[in-house]
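Q: Take a look at this one; I'll ask things after.
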Amino acid sequence: MRAWLLIALAGCSVDIASGAYLCGPEQLCPENLVCNGPDNRCVIPSVREDFRCLLGSPPEDPSADDQASTGQMLPALDCVSASVERENCLDLGDAVDWYQLDTPAECNAVAIEARVEYPIAFQPVGIRFSDDGGMGTPMETECEDLSSVAGGNVVSCLEITVQPGRRYAIGFERMGGDCDGGCPYNRYYFNLRLKTP
């Protein structure tokens, strides 16, 4: 009986279908699978494609967004605003994307709430905050609601009380692990809103 059980167990092997798993940190996949660049899924090596920023048409990356003082301007926001959402990418030659926003002067008190989501498979994306147009400071606060995070993604958040009637900049930068130089890039999605602290 014992010999039959060993033979039965030895003959049972797990067969993982291509595309069934999302890549883990640093492009990790189950044995015999590799990370697919366009959708961060674990696939057989023969169908693997290189990393692409976005599945649709990639947005132009203005070189001016590499500095807080010249970052892309977000639309005007109310003291308590709806979310502004953007999808973008940090590719090989693009270490940081900056976005500027003006807080309305008529607010009694105002806070910026920002959230960035990105695939765990590639280089992590951190948040920077600048209140003077300079290089800013890396910042992150605890994320309150993680229920909407897509599978295979991680999220970083920032919530900071600021002054009404001033210009600020939020930056999203490549940081941390990069698969020993093999994945120094990532796609990201962020949303940002103003609220009463």
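Q: Could you tell me whether any residue of region 120-129 is more than 14 Å from the chain's Cα centre (by Cα) and surrounded by 17 or more Cβ atoms within 10 Å (Cβ to Cβ)?
A: yes
Q: Turning to a different aspect of this structure: Filter region 66-118 for residues that are touching a helix residue (DSSP H, G or I) at 6+ places or on another chain (Cβ under 6 Å), outside any strand (DSSP E or B) and among the polar types (S, T, N, Q) and give the result.
A: The one that is touching a helix residue (DSSP H, G or I) at 6+ places or on another chain (Cβ under 6 Å), outside any strand (DSSP E or B) and among the polar types (S, T, N, Q): T70.
Q: Related question: Which one of these is of a type outside the set (S, T, N, Q), within 21 Å of L194 (Cα to Cα), in contact (Cβ under 8 Å) with a residue 40 or more places away in the chain and surrounded by fewer than 20 Cβ atoms within 10 Å (Cβ to Cβ): A95, A82?
A: One residue alone meets the criteria, A82.
Q: Further question: Checking the structure you have, find out if any residue of region 158-165 is under 27 Å from C29 (Cα atoms) and over 13 Å from the mean Cα position of the chain (by Cα).
A: Within region 158-165, not a single residue is under 27 Å from C29 (Cα atoms) and over 13 Å from the mean Cα position of the chain (by Cα).
Q: Looking at region 142-151, which of the residues that are touching a residue at least 12 places away in the same chain (Cβ under 8 Å) and under 15 Å from R115 (Cβ atoms) is surrounded by the most Cβ atoms within 10 Å (Cβ to Cβ)?
A: Here the answer is C143.
Q: Further question on the same structure: Checking E144 against (1) among the acidic types (D, E); (2) at pLDDT below 90; (3) not in a loop (DSSP other than H, G, I, E, B), which test does it fail?
A: In the conditions (1) among the acidic types (D, E); (2) at pLDDT below 90; (3) not in a loop (DSSP other than H, G, I, E, B), E144 misses (3) alone.
Q: Working only within region 152-183, note down all residues that are in contact (Cβ under 8 Å) with a residue 60 or more places away in the chain and part of a strand (DSSP E or B).
A: Once the filter is applied, which keeps residues that are in contact (Cβ under 8 Å) with a residue 60 or more places away in the chain and part of a strand (DSSP E or B), region 152-183 yields R167, Y168, A169, I170, G171, F172, E173, R174.
Q: For residues that are within 19 Å of the chain's Cα centre (by Cα) and surrounded by 15 or more Cβ atoms within 10 Å (Cβ to Cβ), tally how many sit in region 166-190.
A: Residues flagged as within 19 Å of the chain's Cα centre (by Cα) and surrounded by 15 or more Cβ atoms within 10 Å (Cβ to Cβ) within region 166-190 amount to 17.
Q: Considering (1) closer than 24 Å to S69 by Cα; (2) in contact (Cβ under 8 Å) with a residue 24 or more places away in the chain, say which one I120 fails and leave the rest.
A: Among (1) closer than 24 Å to S69 by Cα; (2) in contact (Cβ under 8 Å) with a residue 24 or more places away in the chain, the lone unmet condition for I120 is (1).
Q: Assuming C89 fulfils every condition listed in (1) touching a residue at least 40 places away in the same chain (Cβ under 8 Å); (2) surrounded by fewer than 15 Cβ atoms within 10 Å (Cβ to Cβ); (3) touching a strand residue (DSSP E or B) at 6+ places or on another chain (Cβ under 8 Å) apart from one, which condition is it?
A: Failed condition: (2).
Q: Take the residues in region 60-79 that are modelled with pLDDT under 90 and surrounded by fewer than 14 Cβ atoms within 10 Å (Cβ to Cβ), then tell me which one is nearest to L22 (Cα to Cα).
A: Top of the filtered list is E60.
The values are calculated or read from the model by the stated rules, or taken from the named source; none is laboratory data. Quick caveat, the model's predicted, so the values are computed rather than measured. For neighbour counting, all protein chains shown are included, and Cβ atoms are generated from backbone atoms with ideal geometry for every residue, glycine included.
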